[in-house]
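Engineer: After the structure tokens below, expect a handful of questions from me.
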Amino acid sequence: MVTGDVKEYKTYAEQVAILASRGMEIGDVVRAEQALRRVNYYRLSGYWYPFRVLTESGRRDEFYDGTRFDDVVALYEFDERLRSATFAALTPVELAVRAHLGHELGRIDSTVHLDPTKLGPTARKGPHYANWLVRYERELRQSREDFVAHHTKKYGGRLPVWAAVELLDWGSLTYLYGFSPRPVQDAVAGERGLSAPQLLSWLKALNIIRNTCAHHGRLFNRVHTITPKLPKVGVHPDLDAVGTDWTRTFGQLTLVQFLADRLGVGRSKLLSSVLRSFPTVRFVPISHMGVPEGWQERGGLWT
């Protein structure tokens, strides 16, 4: 039984009228209603939030003078392009880490992932490995992959680690990297020009980015919760030149670009080309992404 007050249902026309009453310039009303049919009012509200008048007590419902519905939609459409490009850029990076980690762990033992005594010390501390194993075994049971059916029929379902990594999502893959013996971590991180702790922090950060893209979350102006560990100044001049807040989206995308470049995977200009399509919008400059002034001249995202 539902108790308490629930907001009253509003038609698309009524939703548009609410925005207009709060000071948003609607322009073509029919087109605005069509936009709300495509994109839920509350999803779009995340994109008009920066246009709401800011006071000492927080954001008011009213918008700054000059706020246009078309600008809100332009930001949303940019974010769609950004999420799509980011997911596409992350995919080959993820696959390369997956393949390399499975290969290096396989040097130790074909089923090293099933024996914490053969993994690193993190696998033997606390409940994390046991929780990871439960999740892995559930994925194994539910999998419909041909290679899983083959191993189940021929080997009783005990997948070698180089096959098992293909069942893992990014989060589980990150845990397995953290459980790995330090020489394995060093080998995987070293190919990417990083130390093991650095790569682990990057994998954790990019897992959040990937989930945001996969679940259609707002990406462009998000402040991310994990600050990646960076190499010392002078080790990688391309990173040193960025000059950004690494908890903002531009900094996180720079991590993706760095990894893709070091691995020689993906489309090298994909992210920078999308960034150049950022709309000119009053109240919401591209700096909200953490993009530094003159980013292209400074080689940001290796333009």
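The values are calculated or read from the model by the stated rules, or taken from the named source; none is laboratory data. Bear in mind the structure is a predicted one, so any value in this text is a computation, not a measurement. Using ideal geometry, Cβ is built from the backbone for each residue, glycine included, and neighbour counts are taken over all protein chains shown.
Engineer: Could you say which residue among THR212, THR247, THR227 is in the same structural domain as TRP295 (by TED's automatic domain parsing), out of contact with any Lys or Arg (no Cβ under 6 Å at 6 or more places or on another chain) and closer than 22 Å to THR91 by Cβ?
Structural biologist: THR212
Engineer: Let me ask something else. With the requirement that a residue be among the basic types (Lys, Arg) and either surrounded by 15 or more Cβ atoms within 10 Å (Cβ to Cβ) or assigned to a helix (DSSP H, G or I) (or both), what does region 86-133 give you?
Structural biologist: ARG98, LYS118, ARG124 - these are the residues of region 86-133 that are among the basic types (Lys, Arg) and either surrounded by 15 or more Cβ atoms within 10 Å (Cβ to Cβ) or assigned to a helix (DSSP H, G or I) (or both).
Engineer: Any idea which residue in region 134-154 is modelled with the highest pLDDT, counting only those that are among the aliphatic types (A, V, I, L, M) and surrounded by 15 or more Cβ atoms within 10 Å (Cβ to Cβ)?
Structural biologist: LEU140
Engineer: I want to confirm something. Restricting to region 242-265 and keeping residues that are modelled with pLDDT of 90 or more and part of a loop (DSSP other than H, G, I, E, B), which single residue is surrounded by the most Cβ atoms within 10 Å (Cβ to Cβ)?
Structural biologist: It comes out as TRP246.
The rows are residues; the columns are (1) closer than 27 Å to ARG182 by Cβ; (2) touching a Pro at 6+ places or on another chain (Cβ under 7 Å).
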position: ASP65; (1), (2): no, no
position: LEU75; (1), (2): no, yes
position: SER84; (1), (2): no, no
position: PHE87; (1), (2): no, no
position: GLU94; (1), (2): yes, no
position: VAL97; (1), (2): yes, no
position: LEU101; (1), (2): yes, no
position: THR122; (1), (2): yes, no
position: TYR136; (1), (2): yes, no
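Engineer: OK, next. Within region 54-70, identify whether any single residue is of a type in the set (A, V, I, L, M) and surrounded by 15 or more Cβ atoms within 10 Å (Cβ to Cβ), and answer yes or no.
Structural biologist: no
Engineer: Within the bounds of region 195-203, is there any residue that is modelled with pLDDT of 95 or more, touching a helix residue (DSSP H, G or I) at 6+ places or on another chain (Cβ under 8 Å) and closer than 30 Å to PRO50 by Cβ?
Structural biologist: Yes, region 195-203 contains a residue that is modelled with pLDDT of 95 or more, touching a helix residue (DSSP H, G or I) at 6+ places or on another chain (Cβ under 8 Å) and closer than 30 Å to PRO50 by Cβ.
Engineer: Of all residues in region 276-292 being free of Cβ contacts under 8 Å to residues at least 60 places away in the same chain and within 17 Å of VAL223 (Cα to Cα), which is surrounded by the fewest Cβ atoms within 10 Å (Cβ to Cβ)?
Structural biologist: Among residues in region 276-292 that are free of Cβ contacts under 8 Å to residues at least 60 places away in the same chain and within 17 Å of VAL223 (Cα to Cα), the one surrounded by the fewest Cβ atoms within 10 Å (Cβ to Cβ) is PRO285.
Engineer: Further, regarding this structure: Looking only at region 134-163, which residues are of a type in the set (S, T, N, Q) and in a loop (DSSP other than H, G, I, E, B)?
Structural biologist: Within region 134-163, just SER143 meets the criteria.
Engineer: Further question: Looking at TYR9, TYR47 in this structure, which one is within 29 Å of ARG210 (Cβ to Cβ), of a type in the set (Phe, Trp, Tyr) and either out of contact with any strand residue (DSSP E or B) (no Cβ under 8 Å at 6 or more places or on another chain) or not assigned by TED's automatic domain parsing to the domain that holds GLN252 (or both)?
Structural biologist: Answer to the check: TYR47.
Engineer: Return yes or no: is ALA189 under 20 Å from the mean Cα position of the chain (by Cα) and in the same structural domain as TRP246 (by TED's automatic domain parsing)?
Structural biologist: no
Engineer: Just checking, how many residues over region 267-303 are modelled with pLDDT of 90 or more, under 23 Å from PRO237 (Cβ atoms), not in a helix (DSSP H, G or I) and not charged (D, E, K, R)?
Structural biologist: Here the count works out to 3.
Engineer: Moving to a separate point now. Against the condition in a strand (DSSP E or B), farther than 15 Å from VAL284 by Cα and either touching a Ser or Thr at 6+ places or on another chain (Cβ under 8 Å) or in contact (Cβ under 8 Å) with a residue 24 or more places away in the chain (or both), how does GLU62 come out, does it pass?
Structural biologist: Considered against the rule, which asks whether it is in a strand (DSSP E or B), farther than 15 Å from VAL284 by Cα and either touching a Ser or Thr at 6+ places or on another chain (Cβ under 8 Å) or in contact (Cβ under 8 Å) with a residue 24 or more places away in the chain (or both), GLU62 comes out as yes.
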